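Only one structure is covered here, and it is reproduced in the block below.
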Amino acid sequence: MLEKFSKLSFFKKAHVRLGVAVSILMGSIVLLCLIFLLATRSMFSRNEHFTLRKIEINGSSMWKRREKLLAAHGGIDYNHSNLFSINLPDLKKKIESIPSIEKANVARRLPDTIVLNISSRIPRALFNDNGKTWYTDDYGIVFSAASYGEIRKNIPVISGFAQSNDLQEGDSVPEFKIPLSIISTANRFYPGFVVKRLDLRSEKHILVNLHTSEDFEIYTAMFPMEKIPEKFAAFKEAFKKSRIEKTGKKIFDLRYEGQVVTR
C-alpha cells in the first residue's frame, strides 16, 4: 500500500510523507489505548473479585461501626461497587462534607476494602439556638449531636448568643473566636481551671464562669476581647493570691491594664 502511495506525485513531498507517518502513528497509539482501556476494565473495574465488601475506619472511635452511614453518604454500595470504579478524591470530598468530620483520607486495599482515616471535629462548647442544641469546634464550625454521636456532657456552654434562623450544619460563627480562645487557653495552659459557661451578652467583655479541678465552687472572670493568654495568666495569679490570703473574692475583673480588680 505504501508502494502505491509512493508512486503518487504528492506523496513524494517530504512534509506529506511526514504527515501520513504521524497520522498512522497516532492512530496506532489510540488503538493501543483503547485496547489497554478495555483490558483494564475487564481486569479491574469490571472484575467481581474487586467488589467492595468492607469499609475499614481508622482514627475516630465515634465513627467506628458506622460504616453503612459513611457508605451511603459517599454513594458506594456493599457488594455492588467495584473498588476501581470508586473515585477516591470524590469519595474524600463527600466524607469531608459531613459537618462533624474535619479531615478524611481514603485508600483502596485489595481485593475488597476501602480504608477511611477520619479526623473528627472536637466539640469544645455547646450553645442553644431556637430550641436546638449545637456544638462548635476550635474553629467555630457548628454541628449537631445527630451528626456527631455521643458527646460528653461537661463541655462549656456559650450563652447570650443570638443567631439567625438559618444556622446550618457546618456553618462558621465568627463571634465564637474569642470565647473559644478562652477555652483553648484554659485547656492547653491552665488545666487546673474548668470553664463552665461563657456569656456573650456584652459587646465589650465576656463573663466566664469556671471552677478549679479540685472543687466545684464557681468563680467569675470578666475577660476583655483581646490578649486572652495574658489575661488568663493574670487571672491565675490573682486567684492564687486570693486563695492564699483567704479573701473569699469570687469575681475577677480582667478588663483593666496591669491589674485585676476583685470583689
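Taken together, the values in this text are just the output of simple stated rules run on the coordinates, not laboratory data. Everything numeric in this text was worked out from a predicted model, so none of it was measured. With ideal geometry, Cβ positions are generated from the backbone for all residues, glycine too; neighbour counts draw on all protein chains shown.
Its residue count N sets the reference 2.2 N^0.38 Å, and the alpha-carbon radius of gyration of segment 125-262 equals 1.09 times that reference. Here the peptides 179-186, 121-128 are ranked by packing, the mean other Cβ count within 10 Å, and the order with the highest first is 179-186, 121-128. Extension gain for Ile251 to Glu226 (0.36 nm times residue separation, less C-alpha to C-alpha distance): 7.1 nm.
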